[in-house]
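> For reference, the structure I am asking about is given below.
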2 protein chains.
Amino acid sequence: MEAIDICADCGVRDRALCGSLSDAELATLNRLGRRRHVARDETIAWAGDDNIVCANLLSGVLKLSAAATDGREQTVGLLYPADFVGTPFAEQVDFTITALTDAELCVFPREPFERVLGDHAAMERLLLQRVLAALGEARGRMFSLARGSAGEKVAGFLLDMARRAATSGCRATPQGPLTFDLPLSRGETAAVLGLTIETASRQIRKLERDQIIALPGGRAVTILDMAALEARAQA
Amino acid sequence: MEAIDICADCGVRDRALCGSLSDAELATLNRLGRRRHVARDETIAWAGDDNIVCANLLSGVLKLSAAATDGREQTVGLLYPADFVGTPFAEQVDFTITALTDAELCVFPREPFERVLGDHAAMERLLLQRVLAALGEARGRMFSLARGSAGEKVAGFLLDMARRAATSGCRATPQGPLTFDLPLSRGETAAVLGLTIETASRQIRKLERDQIIALPGGRAVTILDMAALEARAQA
DNA sequence: CGGTCCGTTGACTCTAATCAACCTGGGTGG
DNA sequence: CCACCCAGGTTGATTAGAGTCAACGGACCG
């Protein structure tokens, strides 16, 4: 952890919540925040912990997960750069937050951050809009988890990841075959989709056999037939 | 639809968002709002519609649902009296809103309501807190939908409904056997839990056979063994 | 009295989970 | 340099649990 000298070097300054602040206002947050690096697989907060901090995610991918006592686990959300991390106003953390890749955070102590929120209506509104969007996304995923077949879940997941990759960091033209790296292992993918590793793997290989995607190696995925993939994703 | 003469006769005044407003401020909303009665099974808004209105729910139960083109449907949220209905700042309705019982709403045109929100930080904050709570609830349900067995889903659902009934309208002491009416049919229950009608029915009857609940008739449920029910709900 | 809706039950099917091997690539240590 | 090891991924065989299809019963309603 280190103090934030300056937000100027922040790669997500324009997309994160802080984008709503003037330079002067930013100074307030600046004094509050600390940069923190987290390693892959490191857990930032456990469900049930006291809710101490909020953060902006600067780089990397985080997951939110719920677990039962018997070991069953479900990923209930993924967080990407510029996303807001944490739950203001809650006394306890309700979902475990874990890094899926090395990640960098801009961390704020929760209660002081809540006070800053109160003083900056524009930022509070932006947060409200993001939480509303997250709620809509969570509800949409409820449909997929409850009613989707394994094939639909996997196809929809690859589409999501492709769309996200296309908006930054894609390796090819959006027109031709699109190649990108999944940030998740098979196991992590299965945890997101409510499947087992085996089922996730089988469905992915099936898409490959059907010439809808190619798997060039590592975690790379190439989408060969976007229309067919969309057809398999249905909802 | 009729103009709201006075909020004084509002049964949820203290629990709804408006609870954050002074009498004077309430007058602003008052001019904006209209009472609306909706009948059981009536749909207030369809997914994809222009997002015209928000509301407070005064009485009754609403559901939010997502549907696929092939007819599959999933209830992604339930709304109870004093809950806020709708999604500010969204251009389109993203989940169909339908009344599960006769219901009464206090309806506001969306954009004027958003302006009122901006002028009343306390109300905006209250909304933010509610949306955060709804997000947590949605994510928790994601776990249940994706990983829960039919038995766990049904047990958890009955516990939820019992808790809700206990906080108002229960028919017995919280100590002894607790009896309440489900506001939902088997089909609606199944739609919430991501099950079929038949599976929901079988699991409910199984709880009855196992002496954990009794079914006195109609939609009434009596919880005979709360501890056993909780054990079956697991997460 | 007939009809319809809701809930229940039974028989059967089918999808995805489970259990068990096995492969593969990358890293390590002899 | 090569043999080994190990995690992640894949594949196959089997099973369990919920879905599907079908029929039936009772309550309510006209």
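> How much accessible area per residue does segment A:2-145 have, in Å², with a 1.4 Å probe?
Solvent-accessible surface per residue comes out at 43 Å².
> Can you list the residues, at least 5 places off or on another chain, whose amide H is less than 5 Å from the amide H of A:ASP83, using H built in the peptide plane?
Result for A:ASP83 returns A:LEU57.
> What are the ³J(HN,Hα) values, in whole Hz, obtained from phi via the Karplus relation 6.51 cos²θ - 1.76 cosθ + 1.60 with θ = phi - 60°, for each residue of segment A:27-33 in sequence order, with x given for Gly and Pro?
Per-residue couplings from phi come out as 4, 4, 4, 3, 5, 7, x Hz.
> Loop-only GluC sites (Glu not before Pro) in segment A:91-133, please: DSSP not H, G, I, E or B, and at most 13 other Cβ atoms within 10 Å.
Values: sites: A:GLU91, A:GLU104, A:GLU114, A:GLU124; in loops: A:GLU91.
Passing both the DSSP loop test and the Cβ count: A:GLU91.
> Taking Cα centroids, how far is segment B:71-110 from segment A:1-62 in Å?
34
> Enter the mean number of other protein chain beta carbons within 10 Å of the beta carbon of each residue in B:69-81, as an integer.
On the way: counts 2, 3, 0, 7, 3, 10, 4, 9, 4, 0, 0, 0, 0.
Per residue, the average neighbour count from other chains is 3.
> Rounding to the nearest 10 and keeping the result within 0 to 90°, find how far the Cα-based axis of helix A:150-166 lies from the longest principal axis of chain A.
50
> Leaving out ligands and nucleic acids, and using a 1.4 Å probe, what accessible area per residue does segment B:148-233 come to in Å²? If you can, show how the numbers build up before the last one.
Values: 4190 Å² over 86 residues.
Each residue of segment B:148-233 exposes 49 Å² on average to a 1.4 Å probe.
> Ok, one more. Nearest 20 debye, what's the magnitude of the dipole of the protein assembly as shown about its Cα centre given +1 on Lys and Arg Cβ and -1 on Asp and Glu Cβ?
On the way: 54 positive and 62 negative charges, 253 e Å.
Roughly 1220 debye, rounded to the nearest 20.
> Can I ask one more? If a paramagnetic tag sat 7 Å from the Cα of B:ALA27 along the Cα-Cβ line, which residues of segment B:119-139 would have the backbone N under 15 Å from that point?
No residues fall inside that zone.
> Restricting to DSSP loop positions (anything but H, G, I, E, B) with no more than 14 other Cβ atoms inside 10 Å of their own Cβ, which trypsin sites (Lys or Arg not before Pro) remain in segment B:77-138? Walk me through the numbers on the way to the answer.
On the way: sites: B:ARG110, B:ARG115, B:ARG125, B:ARG130; in loops: none.
Filter output for segment B:77-138: empty list.
> Just to confirm a number: summing +1 for Lys and Arg and -1 for Asp and Glu over residues other than B:GLN211 whose beta-carbon lies under 13 angstrom from that of B:GLN211, what do you get? Display every interim value, and only then the final one.
Details: positive: B:ARG205, B:LYS206, B:ARG209, B:ARG232; negative: B:GLU208, B:ASP210, B:ASP225.
Result for the neighbourhood of B:GLN211: +1.
> Rounded to the nearest percent, how much of the accessible area of the protein assembly as shown (1.4 Å probe, protein heavy atoms only) is carbon and sulfur?
For the protein assembly as shown, the apolar C and S fraction of the accessible surface comes to 50 percent.
> Averaged across A:142-154, how many Cβ atoms of other chains sit within 10 Å of each residue's Cβ atom?
Details: counts 15, 12, 6, 9, 17, 10, 3, 1, 0, 0, 1, 1, 0.
Neighbouring Cβ atoms belonging to other protein chains average 6 per residue here.
> Still on this structure, I have one more. Within 10 Å, count the other beta carbons around each residue, average over each peptide in A:157-164, A:146-153, and list them highest first.
On the way: A:157-164: 18.1, A:146-153: 19.9.
The most tightly packed comes first, giving A:146-153, A:157-164.
> Beta carbons within 10 angstrom, averaged per residue: use that to sort the peptides B:217-223, B:93-99, highest first. Kindly include the intermediate steps, with their values, before the conclusion.
Numbers: B:217-223: 14.7, B:93-99: 21.7.
Put in order of decreasing packing, that is B:93-99, B:217-223.
> Taking chain B as the reference, fit the longest principal axis to its C-alpha atoms, fit the long axis of helix B:110-119 to the helix C-alpha atoms, and give the angle between the two in degrees, 0 to 90, nearest 10.
Tilt relative to chain B: about 80 degrees.
> Rounded, prolate or oblate for the protein assembly as shown? Axes are the square roots of the Cα gyration tensor eigenvalues, ordered a ≥ b ≥ c, and the cut-off for rounded is a/c under 1.5. List each step's numbers first, then the result.
Details: a/c = 1.61, a/b = 1.15, b/c = 1.40.
Because a/c hits 1.5 or more and a/b fails to exceed b/c, the protein assembly as shown counts as oblate.
> What distance in nm separates the simple spin-label points at A:ARG202 and A:ARG115, each placed 7 Å from Cα in the Cβ direction?
Computed distance between label sites A:ARG202 and A:ARG115 equals 5.7 nm.
> How far is helix A:121-147 tilted, in degrees, relative to the longest principal axis of the Cα atoms in chain A, given as a value from 0 to 90 rounded to the nearest 10?
Roughly 30 degrees between the two axes.
> Using a label position 7 Å from Cα in the Cα→Cβ direction, what is the ascending list of nm distances from B:THR69 to the same site in the other copies?
4.6
> Which value does Rg/Rh take for segment B:148-233 over its C-alpha atoms, Rh per Kirkwood?
On the way: Rg = 11.7 Å, Rh = 12.7 Å.
In segment B:148-233, Rg relative to Rh is 0.93.
> Using 10 Å bins from zero, what percent of all Cα-Cα pairs in segment B:2-145 falls into each bin?
Final binned percentages: 11, 42, 36, 9, 1.
> Further question on the same structure: Can you give the average number of partner chain beta-carbon atoms within 10 Å of each beta-carbon in peptide A:126-135, as a whole number?
Per residue, the number of nearby Cβ atoms from other chains is 6 on average.
> With +1 on each Lys and Arg Cβ and -1 on each Asp and Glu Cβ, and nothing else charged, work out how big the dipole of segment B:148-233 is about its Cα centre, in Debye to the nearest 20. Provide the component values of the computation, followed by the final result.
Values: 11 positive and 9 negative charges, 21 e Å.
That gives a dipole near 100 debye.
> List the accessible area buried at the contact between A and B, summed over both sides and calculated with a 1.4 Å probe, in Å² to the nearest 100. Before the final figure, lay out the partial values.
Numbers: alone 12720 and 12740 Å², together 21600 Å².
By this definition, chains A and B bury close to 3900 Å².
The values are calculated or read from the model by the stated rules, or taken from the named source; none is laboratory data. Here the structure is a predicted model, which is why all the values come from computation and not from measurement. Here the Cβ is made from the backbone with ideal geometry for all residues, glycine too, and neighbour counts use every protein chain on show. Accessible surface is based on the protein model in full, side chains and every heavy atom, while ligands, DNA and RNA are left aside. Shrake-Rupley method; radii C 1.70, N 1.55, O 1.52, S 1.80 Å.
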